[in-house]
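What follows is one structure encoded as structure tokens, with my remarks underneath.
Just so it is clear, none of the values below were taken in a lab; they were calculated from the coordinates. None of the values given here were measured: they were computed from a predicted structure. Ideal geometry is used to build each Cβ from the backbone, glycine not excepted, and the neighbour counts take in all protein chains shown.
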Amino acid sequence: MELFSVENLISLFMLVLLQAVLGFDNLLYISLESKRAPVDKQRMVRRLGIALAVILRIVLLFVIMRMIQYFQAPVFNLGWTGVVEGEFNFHSLIVLVGGVFILYTATKEIWHMMSVQNLGHDERKSSSVGKVIFLIVAMNLVFSFDSILSAMALSDVFIVMATAIVIGGALMILLADSVSNFLEKNRMYEVLGLFILFVVGIMLLTEGGHLAQLSLFGHHITPMTKATFYFVIGVLVITDVVQSRYQRKLLAQRKRSQTLAHVKEDV
């Protein structure tokens, strides 16, 4: 099949769009996780982590295309009738572990924000560069499963899918610094980012549970759709914007009241 045929070019365009849409939560995690590295190493960590993840994602694509039946084959079952039932495979286990880790990371960061005494001085110890890069690559691979399986539904040409992965990785490298700089300059949006990450963890858990055909107390786990995910994110963003503007108005009104009170005292 010719690489630059109209069909392949259309598939490539759709796959790049898919990588961009599915890469949002991944990019947010990378931006937040890279802050654990020493300040002078953070940019390098983001770029190297994404570059290694792209290479491993292509390897993973090749492996999945050759061995997809093994990823879907059952590993073990849970048969506690009426309480917990499910049939787990490698795909569902990887997604579930990723969801648990994302929830743990977001919860730990939110707790740290609530307990820190001096916002200008972060008391946390910096993680090693190698550890941060490993976490970025590992979580990128967790997010890769959805994008790769979705890509395989749009095309069966390896080179087309690999090209889309490389283009998506290049876009992530270009945007990673901008997202990190924005969060650094606008610290209040870091809380929003962490809660978005929390929702991402929930989404991964529901998806992993659905893949495992998991049911709890007779209720089957249904996956959170991308439409629901982006709707929730939209509500969070709108709520944060409205709350921020309202808080600025309250602070401005309080300052005016204090100024008037001082003027009356002087008179």
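Peptides 204-212, 231-239, 253-261 ranked from most to least packed by the mean count of surrounding Cβ atoms within 10 Å: 204-212, 231-239, 253-261.
Using 0.36 nm per residue and subtracting the Cα-Cα separation, the extra length available between ARG43 and VAL6 on full extension is 9.6 nm.
Remark on segment 155-199: Rg and Dmax equal 15.2, 44 Å (Cα only). What does the charge add up to near LEU197, with Lys and Arg as +1, Asp and Glu as -1, over the other residues with Cβ less than 10 Å from its Cβ? Taking every other residue near LEU197 into account, the sum is -3.
The Cβ shell under 15 Å around LEU171 holds other residues with a net charge of +1, Lys and Arg each +1, Asp and Glu each -1. Using every Cα-Cα pair within segment 226-267, state what percent have a distance larger than 17 Å. Counting every Cα pair in segment 226-267, those more than 17 Å apart make up 54 percent. Counting neighbouring Cβ atoms within 10 Å and putting the fewest first, the residues VAL84, VAL95 line up as VAL84, VAL95. Restriction of the trypsin sites (Lys or Arg not before Pro) in segment 168-252 to DSSP coil positions whose beta-carbon has at most 12 other beta-carbons within 10 angstrom yields ARG187. Calculation over all alpha carbon pairs of segment 192-246 in 10 angstrom steps from 0 returns a P(r) of 23, 40, 25, 10, 2 percent. Taking other Cβ atoms within 10 Å as a rough exposure proxy, ASP25, ASP40, ASP177 sort from fewest to most as ASP40, ASP177, ASP25.
Each of ILE165, ILE30 was scored by other Cβ atoms within 10 Å of its Cβ. Listed from fewest to most, they are ILE165, ILE30.
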